[in-house]
Structures are given as structure tokens and as C-alpha cells.
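K.L.:
One structure follows; several queries about it will come next.
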Amino acid sequence: MKSAKFDYVVANTVAEAAASLTSAGASAAIIAGGQSLVPMLNLRVAAVDLLVDISGIEELKTTRETPAGLLIGALITHADIEDGKIPDLFGGLLRDVAAGISYRAIRNYGTIGGSVALADPAADWPVCLMALGADVCIAAGETTRSQPIATFIQGQYTTALDKNEIVVGLDVPRPDAQFSWGFRKVVRKSGAFADSIAVVVQRDGNVSVALGGAVPRPFLLAATARQLGDGKTSDGALRAAITQDLTAQMSQADAYLMRLHTSTILHAVREMRSR
């Protein structure tokens, strides 16, 4: 199949892109790497009247360290991160996550900003960035704002972006010297969509646990994080906390999904503790 007809414009600046989105009479979408959007258009599970290409906007391809952390440009590709072309202040977590995304051909073009903006529950970056406490940097012309990724992603393929807004980067807080992490992903075969993804991060004495995959939306597991933060939790207490979090977020989950996600989280916890 091929996509339905649409108009196409190339934006050279963020302001141009925002103006194009604003002027679109009906539906419009941003395209950069296109590794998710193009197949969706071709399969006609998505349809637009206008595509706005931002792949040439150089300011979105830069990354810089700040005293507070790392600002990652939205057009940084998975391969850029996998190959160490941007700083990884997080003990190799970013490179590990990037290396496990789909296939190398996809990683060469797919972007971190596109992954966050699409808000696929099975995508790696929203889960990782949620665990790291990242903010999404958003622009609409000359106006900018930021929003925690945990509230920015509102559901399956649903975000807090307004019609004329664009994800321009991710602001990830700098970890302390005691930073450690665990990452576990379950896929049926290499390159497939994830059934379960868990990232566990310990920093500044606090723990964050994020889950994605076969879920309504990526989410943080507050009860599980509290148990891990105690440092003396038993296996039974940890499993009970995981069940509490999963039940709160996935009330319709069957026994298989509950076991799957519990196992993924526990493996990520063990990996974090082993570092």
C-alpha cells in the first residue's frame, strides 16, 4: 500500500515549521527520520494533509552539556548515541538503549525527538528518559517551554503538544557520583517491537523505575521505587509493590502480562544492584 495524497514542505527553521503547522487547514505532521511515520502513512493507519520536513534544521542536531545536565537535540539519531557521538553522562545507559533499537538501518535515521513525539508505548526512549527524569523541550515559533516527559506522554501516540508545537530537544538532569542503572527489554525477535521494557535508575539516593512495551502508556512505578529506595526490601515486598503499580496502571492486564512485566522489572533491578 501507499499513503494517501498529502502536501509536503521543507522547513529551514523551527519558526518556519511552526508557521506551517499553524497554517495547515486540517491535519499536519512533522517528519524527520520518518522511520515510524512513513510506514504508518503507507499502511494508512495514519493520514495527514501536510508533512513538514524538519530534517535539515541544524540547531536541532546539536547536543551540549550544561551544569545541570545534558541537552540532546531532537534530531540526534539513535546511531549517533550508539556510536558515542554525544556525551553519555549516565554510565553507558544511553548507548545501551540506543544499540537495542530495531536494526542499524533504522537507527541511522530514527531520531530521539521523533521517538518521544510519536509516544509509541513500545518505544525505548520514552521509558529511559522517564526513568532519568528528563524534560521535553518544546517550541512554537519564538515561544519555548519544557514539560516533564512523564506528563508530556499522555497515552498511546498521544502527547501534550499543541498543533503548532515541535519537540526540539530533551533536557536530562546530570547524575551524581553514586549513579547506577539497570535496563531490560523483552522482544520476540531481534528488531521487533518490545513486549516489555524496564529501566531502573538510582541517583542522589533516590530510585526511579519506568516501564513500557505492552502497556497503555509508559509510566513510572512509584510504589516499586519507594521499596527500592529503602534499600532493605525483601523480594516479597518488592513483588507486592510491583503488583500494586501494575494493577493501578493496567487494571485489565491478564496474568501473562503481569508475570512478564514483573520479570522484566526484577531483572532490571538485579542489573542495577550488580553495578
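K.L.:
Just the residues that are part of a helix (DSSP H, G or I) and surrounded by fewer than 21 Cβ atoms within 10 Å (Cβ to Cβ), please, taken from region 19-40.
P.N.:
Answer for region 19-40, where residues must be part of a helix (DSSP H, G or I) and surrounded by fewer than 21 Cβ atoms within 10 Å (Cβ to Cβ): Ala19, Thr22, Ser23, Leu37, Val38, Pro39, Met40.
K.L.:
In region 112-151, what residues are in a loop (DSSP other than H, G, I, E, B) and in contact with a Cys (Cβ under 9 Å, 6 or more places away or on another chain)? Steps first, answer last, please.
P.N.:
Taking region 112-151 first, the residues in a loop (DSSP other than H, G, I, E, B) are 119-123, 132-134, 141-142.
The answer is Ala134, and nothing else.
Results for (1) at pLDDT below 95; (2) farther than 21 Å from Ala268 by Cα; (3) in contact with an Asp or Glu (Cβ under 9 Å, 6 or more places away or on another chain); (4) surrounded by fewer than 21 Cβ atoms within 10 Å (Cβ to Cβ), shown as yes or no for each residue.
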{"site": "Ile76", "(1), (2), (3), (4)": "no, yes, no, no"}
{"site": "Gly92", "(1), (2), (3), (4)": "no, no, no, yes"}
{"site": "Tyr103", "(1), (2), (3), (4)": "yes, yes, no, yes"}
{"site": "Leu132", "(1), (2), (3), (4)": "no, no, no, no"}
{"site": "Glu142", "(1), (2), (3), (4)": "yes, yes, no, yes"}
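K.L.:
Can you name the condition, by its number, that Gln154 falls short on among (1) in a strand (DSSP E or B); (2) of a type outside the set (Phe, Trp, Tyr); (3) in contact with a Leu (Cβ under 9 Å, 6 or more places away or on another chain); (4) under 21 Å from Leu211 (Cα atoms)?
P.N.:
In the conditions (1) in a strand (DSSP E or B); (2) of a type outside the set (Phe, Trp, Tyr); (3) in contact with a Leu (Cβ under 9 Å, 6 or more places away or on another chain); (4) under 21 Å from Leu211 (Cα atoms), Gln154 misses (3) alone.
K.L.:
In region 187-205, how many are surrounded by 13 or more Cβ atoms within 10 Å (Cβ to Cβ) and under 17 Å from Met272 (Cβ atoms)?
P.N.:
8
K.L.:
Mind checking which residues of region 53-92 are free of Cβ contacts under 8 Å to residues at least 60 places away in the same chain, farther than 20 Å from Glu165 by Cα and among the small types (Gly, Ala, Ser)?
P.N.:
Across region 53-92, the qualifying residues are Ala79, Gly84, Gly92.
The values are calculated or read from the model by the stated rules, or taken from the named source; none is laboratory data. Everything quoted here is computed from the prediction, not taken from an experiment. Neighbour counts run over all protein chains shown; Cβ positions are idealised from the backbone, glycine included.
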